[in-house]
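Chemist: First the structure, then my questions, so here it is.
The values are calculated or read from the model by the stated rules, or taken from the named source; none is laboratory data. Source: prediction; values computed, not measured. A quick note on method: Cβ atoms are made from the backbone with ideal geometry, for glycine too, and the neighbour counts reach across all protein chains shown. With ligands, DNA and RNA removed, areas are computed over all heavy atoms of the protein, side chains included. Shrake-Rupley method; radii C 1.70, N 1.55, O 1.52, S 1.80 Å.
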Amino acid sequence: MPTQRQLRERLETLATILYRYGATFPVPELERYASGTLRFSFIAELPGSDTPQPATIRLAEIWEPVLATDASDYRRAEYAYDFVDHPRNRRRAFHGHDPDYFAHEFAVLVHEHCEETLGSPDCSHYFGLPVDAFEAIDAFTALWVLGGSLGCADLRCM
Amino acid sequence: MQEKQFLSPADVARELSVSTATVLRLIHAGQLPAIRVSERIYRIPRASFEMFSAGTLPQPGDLATIKDVAGPVPGLSADEILPRRKLAAGSRR
């Protein structure tokens, strides 16, 4: 499990990957709360067509300290990774938030979103597997390069 | 004619007057950013190629900061309407 310093470096690595693809966004901040919780959330605009808006990747995570000390390791408590392909009018996302709710309702901690047409999903939430931010960037940028179907029909609706 | 947004390793090889194998080595070494779209196919965003050519690819260092924040931790659901479990016909909650 990472330390606070490692999480700042990890956030920097994520930002660097996106900057090197030509994405634009303010330098992201790792927010530190009085409870010890760490959080970040930022939206990167990808280069290319900006009609009607640029394609975006949002990366957001919440990390909770394992111990109540400054030197604690952290565990990821929530995540939300979103790719909104405005030029192609579609969306793909990997989410792990509201864990108590999803555990109670569906016996899962994570879910996915998939919209072949932005704003008109065939299903509001799909079952999925946990992913990390690096896997999400790889998946989203591959979709950014490739046109065609997102493959929503292959996913299992909740 | 509109410029291609994504370049193949062969496109980059032509631009740099090197072999495609050299471009693939740059990709595998992490020196040239590339997106892996399938097991053996890479595409290089034009913006990445232009930064690489100009020697201006961003490097880690001050690309993330820590900020102390007061108040509760905002959740990540972003106003998402949470789904309800579908109940079998005749069942009650």
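Chemist: Across the range A:93-105, what is the total count of residues that are out of contact with any Pro (no Cβ under 9 Å at 6 or more places or on another chain), in a helix (DSSP H, G or I) and either more than 11 Å from chain B (Cβ to nearest Cβ) or charged (D, E, K, R) (or both)? First the steps, then the outcome.
Modeler: If we filter the range A:93-105 for residues that are out of contact with any Pro (no Cβ under 9 Å at 6 or more places or on another chain), which is where we start, we get A:93, A:95, A:97-101, A:103-104.
Narrowing further to those that are in a helix (DSSP H, G or I): A:99-101, A:103-104.
Next, only the ones that are either more than 11 Å from chain B (Cβ to nearest Cβ) or charged (D, E, K, R) (or both) stay: A:100, A:103.
So the answer is 2.
Chemist: Only one residue in A:PRO52, A:PRO87, A:PRO130 is over 15 Å from the mean Cα position of the chain (by Cα) and not in a helix (DSSP H, G or I), so which one is that?
Modeler: Going through A:PRO52, A:PRO87, A:PRO130 in turn, the sole match is A:PRO52.
Chemist: Also: Could you say which residue among A:TYR126, A:TYR79 is closer than 18 Å to A:LEU14 by Cβ and in contact with a helix residue (DSSP H, G or I) (Cβ under 8 Å, 6 or more places away or on another chain)?
Modeler: On the way: A:TYR126 fails: closer than 18 Å to A:LEU14 by Cβ.
One residue alone meets the criteria, A:TYR79.
Chemist: Give the range A:145-158 a look and list any residue that's part of a helix (DSSP H, G or I), in contact with a strand residue (DSSP E or B) (Cβ under 7 Å, 6 or more places away or on another chain) and either closer than 19 Å to A:ALA60 by Cα or away from chain B (no Cβ under 12 Å) (or both), or say none.
Modeler: Filtering the range A:145-158 down to residues part of a helix (DSSP H, G or I) leaves A:145, A:152-154.
Of the ones still in play, those that are also in contact with a strand residue (DSSP E or B) (Cβ under 7 Å, 6 or more places away or on another chain) are A:145, A:152.
Listed by number, the list holds a single entry, A:CYS152.
Chemist: Looking only at the range A:27-53, filter to residues that are more than 9 Å from chain B (Cβ to nearest Cβ) and at pLDDT below 95; which one of those is nearest to B:PRO33 (Cα to Cα)?
Modeler: Within the range A:27-53, the subset more than 9 Å from chain B (Cβ to nearest Cβ) is A:36, A:42-45, A:50-53.
Filter again for at pLDDT below 95, leaving A:36, A:50-53.
Numbers: A:GLY36: 35, A:ASP50: 22, A:THR51: 25, A:PRO52: 27, A:GLN53: 24 Å.
Looking at residues that are more than 9 Å from chain B (Cβ to nearest Cβ) and at pLDDT below 95, I get A:ASP50.
Chemist: For A:ALA139, state whether it is open to solvent by 20 Å² or more (accessible area, probe 1.4 Å), modelled with pLDDT of 95 or more and within 13 Å of chain B (Cβ to nearest Cβ). Before the answer, list the steps.
Modeler: Details: open to solvent by 20 Å² or more (accessible area, probe 1.4 Å): yes; modelled with pLDDT of 95 or more: yes; within 13 Å of chain B (Cβ to nearest Cβ): yes.
Answer is yes for this residue.
Chemist: Something else about it: Listed residues B:ILE27, B:ILE35, B:ILE66; which is modelled with pLDDT of 90 or more and more than 9 Å from chain A (Cβ to nearest Cβ)? So that I can check it myself, show each step before the final result.
Modeler: Numbers: B:ILE35 fails: more than 9 Å from chain A (Cβ to nearest Cβ); B:ILE66 fails: more than 9 Å from chain A (Cβ to nearest Cβ).
None of the other options fit; the residue is B:ILE27.
Chemist: Return the residues of the range A:55-73 that are at the interface with chain B (Cβ under 7 Å from one of its Cβ atoms) and either in a loop (DSSP other than H, G, I, E, B) or in contact (Cβ under 8 Å) with a residue 24 or more places away in the chain (or both); say none if nothing qualifies. It would help to see each step written out before you state the result.
Modeler: Initially, the range A:55-73 is screened for residues at the interface with chain B (Cβ under 7 Å from one of its Cβ atoms), giving A:60, A:62.
If the condition is that a residue be at the interface with chain B (Cβ under 7 Å from one of its Cβ atoms) and either in a loop (DSSP other than H, G, I, E, B) or in contact (Cβ under 8 Å) with a residue 24 or more places away in the chain (or both), then A:ILE62 is the only one that fits.
Chemist: Can you tell me which residues in the range A:3-29 are out of contact with any Ser or Thr (no Cβ under 7 Å at 6 or more places or on another chain), open to solvent by less than 30 Å² (accessible area, probe 1.4 Å) and either outside any helix (DSSP H, G or I) or aliphatic (A, V, I, L, M) (or both)?
Modeler: Within the range A:3-29, A:LEU7, A:LEU11, A:LEU14, A:ALA15, A:LEU18, A:ALA23, A:PHE25, A:PRO28 meet the criteria.
Chemist: Can you tell me which residue in the range A:1-26 is nearest to the other protein chains (Cβ to nearest Cβ), limited to those that are in contact (Cβ under 8 Å) with a residue 24 or more places away in the chain and closer than 19 Å to A:LEU143 by Cβ?
Modeler: A:GLY22
Chemist: Please go through the range A:106-130 and give me each residue that is within 12 Å of chain B (Cβ to nearest Cβ), touching a Leu at 6+ places or on another chain (Cβ under 9 Å) and over 17 Å from A:ALA80 (Cβ atoms), ordered by number.
Modeler: A:CYS123
Chemist: Take the residues in the range A:89-104 that are more than 14 Å from B:LEU76 (Cα to Cα) and touching a residue at least 24 places away in the same chain (Cβ under 8 Å), then tell me which one is least open to solvent (accessible area, probe 1.4 Å).
Modeler: By that ranking, first place goes to A:ARG90.
Chemist: Given the conditions (1) among the polar types (S, T, N, Q); (2) more than 21 Å from B:GLN5 (Cα to Cα); (3) out of contact with any Pro (no Cβ under 7 Å at 6 or more places or on another chain), which single one is not true for A:SER124?
Modeler: The number of the failed condition is (3).
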